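The values are calculated or read from the model by the stated rules, or taken from the named source; none is laboratory data. Note that this is a predicted model, so its numbers are computed, not measured. Positions of Cβ are generated from backbone atoms using ideal geometry, with glycine treated the same way; all protein chains shown enter the neighbour counts.
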Amino acid sequence: MATAESYVLAIGTKKGLWLATSPDRKDWSLSGPHFLMSEVPSIGIDTRDGRTRILVGVRSEHWGPTVFHSDDLGETWNEPEEGAIRFPEGTDAALERVWQIHPDAASRPGVVWAGCEPISVWKSTDGGEHFELNRGLWDHPHRGEWGAGYGGAAAHSIVIDDTGQKVHVAMSTGGVYRSLDGGSSWEPRNKGISAYFMPDPNPEFGQCVHKIAADAAIDGRLYAQNHHGVYRSDDDAENWESIAEGLPADFGFVMLTHPRRAGTAWVVPLKADGERIPPEGKLAVHRTDDAGASWKRLDNGLPGAEFNSVLRDAACVDAADPAGVYFGTRGGSVYASADEGEHFAEVASHLPDVLCVRAAAVSPAFASGSAGPRAVTNA
């Protein structure tokens, strides 16, 4: 059974959800699958108000997409009778996929954001049970020109500042948009981010930004992993500059930042466009501790040969000290590091295509679920 210092790792795949738990981030017990034969592209773990709520975006080929939540670590799951996310009448749209579930700050308990396909942003004030469409972004005059990335039209990154008024959203394709009034109005903020595949490689919007994340310690600093290009902004996305020098490739999907320390971020480079595999078939995470001035290759415990990619939300960090780093591959392997990427160990293998990974410290006892746990010990 888990203790107050236990950790939960939620793994969303192309064919279901698995949950792992550990008292020390070294020895893991894995249970599942939940939602077998349904795609799970998004997960949010909400530990505010002294509880743990797991929210999952589930997409069934038969029943369609929705958001389920569990307050007992997967023992039971609940969905509102009318669904969690439904487009209002008159929008002439239907939900295709939930790409992102993002619990807001501790100072705004109950507020949860979602990014969806078709490209849209939603907000819940009841812990993720019911969401309301953000009309400011949905009615934006640029929306008709936003396109779909290779995996679909995705509003995949939502970053909110401490005040709740400054919100950044990134989408594929469309780029980065910023609101300074809590989401009522939005403007593109992509200066410096390349869109080499367009007639104008430096457009106002239309970039295929793969992921953005905020520096936890420096206000206004953001990082972006683009479709070719790794960038940093120090002025709330007004301007972006390349920080890709020192990386083996500037393509990839992952962008993670440290929960407390300034200047620390992680990426997982891929060789692209045609191959989309780790450079030379050797999987590695790269970390910067100086805001992109230099990068350190981290591959201790990772396989010597790996030809599967890591998707944008198939990686995360936890809030422990030192921070834990986790990621999963399209080949179904999941890796965990309890020391900020210096050493990795495999938590799970032979799962379906990993789409999303989220981790958090939890206080309730772990509920193993119907499949029962199996121990995974990492020496």
field: Residue satisfying all of: in the range 269-295; among the charged types (D, E, K, R), exposed (fewer than 14 other Cβ atoms within 10 Å of the Cβ) and modelled with pLDDT of 95 or more; farthest from the chain's Cα centre (by Cα) among these
entry: 280
message: Looking at the range 135-150, can you tell me whether even one residue there is within 25 Å of residue 355 (Cβ to Cβ), in a strand (DSSP E or B) and of a type outside the set (A, V, I, L, M, F, W, C)?
response: yes
- request: Could you please find all residues in the range 297-345 being in contact with a His (Cβ under 9 Å, 6 or more places away or on another chain), crowded, with 18+ Cβ neighbours inside 10 Å and charged (D, E, K, R)?
  value: 312, 313, 340
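Matching residues to (1) more than 26 Å from residue 32 (Cα to Cα); (2) of a type in the set (D, E, K, R); (3) part of a loop (DSSP other than H, G, I, E, B); (4) out of contact with any Gly (no Cβ under 8 Å at 6 or more places or on another chain):
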position: 80; (1), (2), (3), (4): no, no, yes, yes
position: 84; (1), (2), (3), (4): no, no, yes, no
position: 88; (1), (2), (3), (4): yes, no, yes, yes
position: 95; (1), (2), (3), (4): yes, no, yes, no
position: 100; (1), (2), (3), (4): no, no, no, no
position: 106; (1), (2), (3), (4): yes, no, yes, yes
position: 123; (1), (2), (3), (4): yes, yes, no, no
position: 126; (1), (2), (3), (4): yes, yes, yes, no
- request: Quick one: residue 106 ticks every box in (1) crowded, with 20+ Cβ neighbours inside 10 Å; (2) under 18 Å from residue 182 (Cα atoms) except a single one, so which number is it?
  value: (1)
message: If I ask for residues that are more than 17 Å from residue 361 (Cα to Cα) and either touching a Phe, Trp or Tyr at 6+ places or on another chain (Cβ under 6 Å) or of a type outside the set (Asp, Glu) (or both), which ones from the range 32-51 would you list?
response: 32, 33, 34, 35, 36, 37, 38, 40, 41, 42
field: Single match in 158, 85 (criterion: under 27 Å from residue 21 (Cα atoms) and of a type outside the set (Gly, Ala, Ser))
entry: 158
task: Would you check which residues across the range 1-58 are of a type in the set (S, T, N, Q) and either more than 21 Å from the chain's Cα centre (by Cα) or over 12 Å from residue 354 (Cβ atoms) (or both) and list them?
output: 3, 6, 21, 22, 29, 31, 38, 42, 47, 52
- prompt: For the range 247-268, how many residues are among the charged types (D, E, K, R), surrounded by 21 or more Cβ atoms within 10 Å (Cβ to Cβ) and closer than 24 Å to residue 323 by Cα?
  reply: 0
Residue count for the range 166-189, restricted to those that are part of a loop (DSSP other than H, G, I, E, B), within 21 Å of the chain's Cα centre (by Cα) and among the polar types (S, T, N, Q): 1
task: Have a look at 263, 292, 332, 304 and point out the one that is closer than 20 Å to residue 12 by Cα and part of a loop (DSSP other than H, G, I, E, B).
output: 332
- line: Sole miss for residue 54 among (1) outside any loop (DSSP other than H, G, I, E, B); (2) of a type outside the set (S, T, N, Q); (3) touching a Phe, Trp or Tyr at 6+ places or on another chain (Cβ under 7 Å) is condition (3)
message: Being modelled with pLDDT of 95 or more and surrounded by 15 or more Cβ atoms within 10 Å (Cβ to Cβ) is true for just one of 220, 192, 149. Which residue is that?
response: 192
- line: The condition of being within 21 Å of residue 276 (Cβ to Cβ), out of contact with any Leu (no Cβ under 9 Å at 6 or more places or on another chain) and assigned to a loop (DSSP other than H, G, I, E, B) holds, among 193, 218, only for 193
